[in-house]
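The values are calculated or read from the model by the stated rules, or taken from the named source; none is laboratory data. Every value quoted in this text rests on a predicted model; they were computed, and no experiment measured them. Please note: Cβ atoms are built from the backbone with ideal geometry, for glycine as well, and neighbour counts cover all protein chains shown. To get the accessible areas, we keep the full protein, side chains included, count just its heavy atoms, and leave off ligands, DNA and RNA. Shrake-Rupley method; radii C 1.70, N 1.55, O 1.52, S 1.80 Å.
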Amino acid sequence: MTPETPPFVSPVTLRLNGVRLEPLAPSHEEGLAEAAADGKLWELRITSVPAPQETRTYIETALAMREAGSRFAFAVRDDASGKVLGSTSYHDIVPALKRVEIGYTWYRQSVQRTHVNTTCKLLMMGHAFDTLDCAVVGWRTDNFNFASQRAIERLGARKDGVIRHHALRRDGTVRDTVMYSMVAGEWPEAKAQLLYLLARRG
C-alpha cells in the first residue's frame, strides 16, 4: 500500500445492540488490559490475548499491520458505559481478491456466550460484504479451539480444510490451523440467521 493508494479498509465505527466497534488506538491500552484480566485470558494457550504488560506492544503491532494494509483492528466497547469488552480485526486483507479474514478476536470472560460476539460478527460481515463489496470472508482458528470452531460454524461459514503444522502458539508448540470461509452469495441467508439468533436473545 502506497500513500497514494487508499486502504481497502478505511477507519470506521460500527454500532449495533449496544456494542460499538471503533478503530483500535493507544488510548485503549488500559481498557484492553482490564478486559484481558477478566478471566486471565492470556493464560489460554490457544489464543493470542495479551498479558497486561504486553498490551501496549499488542496495540503497536496491530497499528503497524494497519499501516502495512494487512490488518485493521477494532476495540470492542459497551456503547453505553464505554467499557472495553475486547478486540477483533480484519486481517490477511487482499484487495485484489476482495478478501478479508475476521480474527484476532477475544472478549472479557464476563461477556462471553452473550450477544456480543454475534453482534460483532454481524457488524463486521455486513461491513465486509455490503460496504467493502468483498467476494469472500475467511476465518482461521487453532485445531484445539473447539469453541471457536463451533462459533464460526454457527455463523454459516464453511470449513475449507486444515493446514497442518502451520503456526506457533504462544507456548512454542506448533498448531494445525482450521480454515473457514463464506462467499458473498451465502451472506444474505447467514445475515437472516444471525438476526434471528439475536432477536431470540432479546
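Normalised by the residues of region 2-77, what does the relative contact order come to in percent, with Cα pairs under 8 Å and at least six apart? For region 2-77, the relative contact order is 36 percent. Using Cα pairs under 8 angstrom and six or more residues apart, how large is the relative contact order of the chain, in percent? Averaging sequence separation for qualifying contacts and normalising by length gives 18 percent for the chain. Simple spin-label estimate for Val94 and Leu197 gives 2.6 nm between the two label positions (7 Å along the Cα-to-Cβ direction from each Cα). Computed with every protein chain present, the accessible area of Val137 is close to 0 Å² [probe 1.4 Å].
Once the Cβ-Cβ distance between Ile163 and Ala135 is put in as r, and R0 is 25 Å, what FRET efficiency do you end up with, to the nearest 0.05?
Efficiency computed from Cβ-Cβ geometry: 0.75.
Once C-alpha pairs closer than 8 Å and six or more residues apart are averaged by separation and normalised to the residue number of region 74-138, the relative contact order reads 28 percent. Cross-link pairs exceeding 25 Å between alpha carbons, from the set Lys83/Lys191; Lys83/Lys159; Lys40/Lys83: Lys83/Lys191; Lys83/Lys159. The spacing between region 38-78 and region 103-181, judged by their C-alpha centroids, is 15 Å. Element breakdown for the chain at a 1.4 angstrom probe: carbon and sulfur atoms account for 52% of the accessible area.
Principal semi-axes of the equivalent ellipsoid, √(5λ) from the alpha carbon gyration tensor of region 1-80, are 24, 17, 10 Å from largest down.
Applying 0.36 nm per residue to the separation of Ala64 and Arg45 and subtracting their alpha-carbon distance, the gain on full extension is 4.4 nm. Each Cα pair of region 43-123 feeds into the Kirkwood radius, which the Stokes-Einstein equation turns, at 37 °C and 0.692 mPa s, into a diffusion coefficient of 239 µm²/s.
Helical content alone sets the calculated 222 nm signal of the chain at -9000 deg cm²/dmol, taking -39,500 (n - 2.57) per DSSP H segment of four or more residues and averaging over every residue. Which shape class applies to region 159-202: rounded if a/c is under 1.5, otherwise prolate when a/b exceeds b/c and oblate if not, where a ≥ b ≥ c are the square roots of the Cα gyration tensor eigenvalues? Oblate, since a/c reaches 1.5 and b/c is not below a/b.
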